[in-house]
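*Asks:* Quick one: this structure, given as structure tokens, is what I'll be asking you about.
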Amino acid sequence: MKVAFLDTVHEILNERLEASGYSCHECYDVTHEQILEGEFNDYEGIVIRSRLTIDARLLAALSSLKWIARSGSGLDNIDVKEAEARGVQIVNSPEGNRDSVGEHTLGLLLMLLHKLKSGDKSVHSRLWQREEHRGEELGVQTVGIIGFGEMGSAFAEKLQGFRCKVIAYDKYKKGFGSNIVAEVSEEEFFTQSDIVSVHVPWTSETKGMVDGVWLDRFSKPITFINTSRGAVVKTADLLDAIDADKVKSAALDVIEFEGRSLEGLELDSEGQTTLNRLLANDKILITPHVAGWSVESYYKLSSVLADKILSLS
């Protein structure tokens, strides 16, 4: 079976597939146009991350394709319905970076509550502002998780030991309540949450989900975290909510202006204005889409994919 690696991943995936008789080819620079021209119509498997969007036209050009392996969790750059209609199997590896996302989300939360970023910055400016950096304890708060898949559940696991109440709401998943997390209704989620962490996939339904109307539904000011996809949040509305004291502070590992490849920002003039406003706000922490990007997860993402590919029928 010929396999095209269209993005770089840990070498363990190549090694395990080659050891099982697959013929693996590094095609990291291949373009959308080259695939459409038929250069890859004899490949039966492709390995991707986010660089290319595997749409209906590409699927038609990949006439021998039997499976797509997506390193990571999101499938937003794959036309899943078209792939399924063509009998193409899809595997991904959210199990590989769930621990990294859970830890990173917890780290962002602790930085917000204990004002670690501004505290460090003030001392480096030769100030010793103790009262200004009095923090809040996590243990007395209710953490609300929206979306309880691999990432949401990983974050819930990392919160054990802090004695905080953890609740979760998932529109498409039921019966997941445990001694770690309480399953709640949508209304209870908005009423009870002090801290909100978003772990939903990027879909047509979730795009722009976090807007002014959504943020207005909370019964009290919240601390907000997003480590899912940037397009889930309308940045200008989040900034307005912070200005109105409806959101106390926020941490974003992803932002609305990321391109589809997730490798940089794509901005029009309105987006540039909002980005400038975002970067100027000292109540917001931003990291460059690295929550799931640890040394360990780089290996695990590919190891999990190897397991799944080798078990395909």
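The values are calculated or read from the model by the stated rules, or taken from the named source; none is laboratory data. Predicted, not measured: the structure shown is a model, and the values here were computed from it. Methodologically, a virtual Cβ is constructed for each residue, glycine included, from the backbone with ideal geometry; neighbour enumeration extends over all protein chains shown.
*Asks:* Which of the residues that make up segment 146-178 are of a type in the set (S, T, Y) and outside any helix (DSSP H, G or I)?
*Replies:* Within segment 146-178, the subset of a type in the set (S, T, Y) is 153, 169, 172, 178.
Those that are of a type in the set (S, T, Y) and outside any helix (DSSP H, G or I): Y169, Y172, S178.
*Asks:* Name the one entry in I35, I54, I12 that is closer than 22 Å to T203 by Cα, hydrophobic (A, V, I, L, M, F, W, C) and modelled with pLDDT of 95 or more.
*Replies:* That would be I54, the only listed residue that is closer than 22 Å to T203 by Cα, hydrophobic (A, V, I, L, M, F, W, C) and modelled with pLDDT of 95 or more.
*Asks:* Looking at segment 85-106, is at least one residue closer than 27 Å to S297 by Cβ, over 19 Å from the mean Cα position of the chain (by Cα), free of Cβ contacts under 8 Å to residues at least 60 places away in the same chain and in the same structural domain as K174 (by TED's automatic domain parsing)?
*Replies:* no
*Asks:* So, A4, is that one assigned to a helix (DSSP H, G or I), aliphatic (A, V, I, L, M) and either under 27 Å from W293 (Cβ atoms) or outside the structural domain of R260 (by TED's automatic domain parsing) (or both) or not?
*Replies:* Spelling it out, it is not the case that A4 is assigned to a helix (DSSP H, G or I), aliphatic (A, V, I, L, M) and either under 27 Å from W293 (Cβ atoms) or outside the structural domain of R260 (by TED's automatic domain parsing) (or both).
*Asks:* Suppose we keep only residues that are small (G, A, S) and in contact (Cβ under 8 Å) with a residue 40 or more places away in the chain within segment 162-220. Which one would you say is farthest from E150 (Cα to Cα)?
*Replies:* Only one residue tops the list, namely S193.
*Asks:* A further question on this structure: Looking only at segment 254-313, how many residues end up being closer than 16 Å to A236 by Cα, at pLDDT 95 or above and of a type in the set (G, A, S)?
*Replies:* 1
*Asks:* Ok, one more. Considering only residues that are more than 25 Å from N97 (Cβ to Cβ) and free of Cβ contacts under 8 Å to residues at least 40 places away in the same chain, which ones fall in segment 223-247?
*Replies:* Once the filter is applied, which keeps residues that are more than 25 Å from N97 (Cβ to Cβ) and free of Cβ contacts under 8 Å to residues at least 40 places away in the same chain, segment 223-247 yields K234, D237, D240, A241, D243, A244, D245, K246, V247.
*Asks:* Output the residues belonging to segment 109-140 that are assigned to a loop (DSSP other than H, G, I, E, B) and either aromatic (F, W, Y) or loosely packed, with under 14 Cβ neighbours inside 10 Å (or both).
*Replies:* Across segment 109-140, the qualifying residues are S125, R126, L127, W128, Q129, R130, R134, G135, E137.
*Asks:* Another question, if that's okay. Among what's in segment 179-233 and is of a type in the set (D, E, K, R) and outside any helix (DSSP H, G or I), pick the residue that is nearest to the chain's Cα centre (by Cα).
*Replies:* It comes out as R229.
*Asks:* In segment 260-279, how many are surrounded by 12 or more Cβ atoms within 10 Å (Cβ to Cβ) and in a loop (DSSP other than H, G, I, E, B)?
*Replies:* Residues flagged as surrounded by 12 or more Cβ atoms within 10 Å (Cβ to Cβ) and in a loop (DSSP other than H, G, I, E, B) within segment 260-279 amount to 4.
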